[in-house]
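Below is one structure, written out as structure tokens; comments come after it.
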Amino acid sequence: MGRPAQAGIEQERMSDFGKCDRCNQALIEIDHYGERLVGCIECNRWSWRGSQRLLLELPDDDIDALKERVRRAQRTG
Ligand SMILES: [Zn+2]
């Protein structure tokens with residue numbers, strides 16, 4: 001609580017989205033060029049908030065950048 005939010009990642013809410021049915025990682029919410037997406041960073045499967053299915057794949061470059069951001073967020077958290 002009281003921590004500044006990481007840009008693009010709302011870590012406080014990471015656990016609200018359930019877990020990936022493939023790898024059991026917690027789903028996270030990201031800001032992808034202004035779109036709010038929820039999904040699994042390990043499997044690279046994403047969907048819009050409120051949608052039950054993970055439909056989207058993001059480009060490898062985007063995933064790499066996201067993983068880096070998540071890693072940094074976890075380290076400082
Ligand atoms: Zn997964």
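Some observations on this one:
- First in region 51-68 and part of a loop (DSSP other than H, G, I, E, B), second anywhere and hydroxyl-bearing (Ser, Thr, Tyr), Cβ under 8 Å, 6 or more apart: Arg53/Ser47; Leu54/Ser47; Leu55/Ser47
- Scanning region 24-50 for residues that are among the aromatic types (Phe, Trp, Tyr) and not in a strand (DSSP E or B) turns up just one, Tyr33.
- Each residue in region 28-75 was checked for being surrounded by fewer than 13 Cβ atoms within 10 Å (Cβ to Cβ), within 16 Å of the ligand (Cβ to nearest atom) and polar (S, T, N, Q), and 1 pass.
- Residue in region 18-34 that is among the acidic types (Asp, Glu), modelled with pLDDT under 85 and under 11 Å from the mean Cα position of the chain (by Cα) present: no
The values are calculated or read from the model by the stated rules, or taken from the named source; none is laboratory data. What you see is a predicted model, and the numbers here were worked out from it, not measured in a lab. Note that we place each Cβ from the backbone using ideal geometry, even for glycine, and neighbour counts take in every protein chain shown.
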